[in-house]
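**Q** I'd like to ask some things about the structure below.
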Amino acid sequence: MSESIAEELGVVPIINAGGPNTKHSGSRPRPEALAAMREAAGSFVQMDEMLIAAGKEIARLIGVEAATVTSGASGGLVVQAAAAIARDDPDKIARLPETDGMANELIIQRCQRFVYDHLYLGAGARFVEVGTSEGSTPDDISDAISDRTAGVIHLESPFKNRGSVPLPDLVEIAHERGLPVLCDAASMLPPRANLRKFVDQGADLVSFSGGKGIRGPQSTGMLLGTVDWVEYARLNNAPNPTVARAQKVSREEIAGLIAALRVFIGEDEAAETSRYRRQMELVVDQVAEVPGIRAVVEHDYDHYIPHAVIYFTPRWRGPDGETVRDMLMSGSPRVYVSPTFGPDPGIQVDALNIQEGELPIAAERVRQTLIEASAGENLPKASGPK
Ligand SMILES: *Cc1c(COP(=O)(O)O)cnc(C)c1O
């Protein structure tokens, strides 16, 4: 087998046992997506026609009113903000991100602030933060609405703060004042039911990644919603000369997303879940005997597919999870696992990207590394100074 370009360049491949994280190259595009990309690259289209037709097909496949393609879910956030501020006004669309004199405020719940939310600001929006880091109330939202408000933000994400205003209530408040609800649900697939859930609950634009669980091209995403709001989004998006012009998505990426989405929607979720669960049980079995850890399979709102979660208990004598993850990434083969994102420290294995034959190798390296770490005298201790 010939070397990949990455290997030629001296970039050592990793076993991705940590899930579809962009910094670790996302997910494996499905074979059907790659075939569709190769095929689409061979001919030219008018991009507006392609985007409109692709949006219709995505909406039909999912069963929502309307859809359009964005560059990742984060590209979708920029476009959501632009749509909320400029709608279909050509002068405003041309002026963004300069928003002087426009209703440019987006209401965001303090307990829903997250690492990517500044993308909304890229379109020229300003945040009006409401509530506390613990939660917010419907009154916090309605009190913050003024004639400068352009929209209301809602986040669906693992370990989302449970104190936020429920989406249906947020929708009621926003719609009463003629405002859109902009939802980021980037990583909430599977379950496939989520494809429609947040739109059904009334969100006007919902942003999903195409390169996570769907396994389309890494650069893709989609906005789902109502006919009007999706059209505002499209007008504010590339390839038009707008604030989002740098976020282009090519015809072959659009084709790849549609091909991947067709396969994703057609898959048997129950069978997929039990396959992942069996794989993760194998990982749990491998590490169960290591002193000071608690290993469990978790599959819930915070874990979109079954994960093998390894918690460090107070009896753990080794270094912290970050050091264990560094050890896994520096050994051979290099194994990427993700940190736990909840309150309890640990590391977790995500089944999505683990390829045929890699599971026993990854599980064995995790076991060996934990044993080595728990016995290692000269490694930094979890509680001690780094
Ligand atoms: C992954 C993620 C994003 C970014 O999605 P991309 O498709 O990588 O652009 C945005 N928001 C949340 C909550 C995410 O989990």
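**Q** Using only Cα atoms, find the angle between the long axis of helix 72-86 and the longest principal axis of the chain, and express it within 0 to 90 degrees, rounded to the nearest 10.
**A** 20
**Q** Quick one: if the Förster radius is 35 Å, what FRET efficiency do residue 169 and residue 11 give, using the C-beta to C-beta distance and rounding to 0.05?
**A** FRET efficiency, residue 169 to residue 11: 0.15.
**Q** Follow-up question, since we're still on this one. Using +1 at the Cβ of each Lys and Arg and -1 at the Cβ of each Asp and Glu in the chain, identify which of 318, 27, 41 lies farthest towards the dipole's positive end.
**A** Final value for the positive-end residue is 318.
**Q** Can you return the aspartates and glutamates within cross-link range of residue 92? Criterion is Cα-Cα under 16 Å, with same-chain partners fewer than 8 residues away left out.
**A** 100, 105, 231
**Q** How many nm is it between the label spots at residue 313 and residue 329, if each spot is 7 Å from the Cα in line with the beta carbon?
**A** 2.9
**Q** Taking every DSSP beta bridge with both residues inside the chain, roughly what % is antiparallel (nearest 5)?
**A** 55
**Q** Across 5 Å bins from 0, what is the distribution of all Cα-Cα pair distances for the stretch 44-266, in whole percents?
**A** For the stretch 44-266, the binned pair fractions read 1, 8, 16, 21, 21, 16, 10, 5, 1, 0, 0 percent.
**Q** How much net charge surrounds residue 182 when only other residues with a Cβ under 12 Å from its Cβ are counted (Lys, Arg +1; Asp, Glu -1)?
**A** -4
**Q** Of the peptides 291-298, 217-224, how do they stack up when ordered by the mean number of other Cβ atoms within 10 Å, highest first?
**A** Top of the packing list down: 217-224, 291-298.
Any read-out appearing in this document is the output of simple, stated calculations on the displayed coordinates, not a laboratory observation. What you are looking at is a predicted structure, and each value in this text was computed from that prediction instead of being measured. We place every Cβ from the backbone using ideal geometry, glycine too, and count neighbours over all the protein chains shown.
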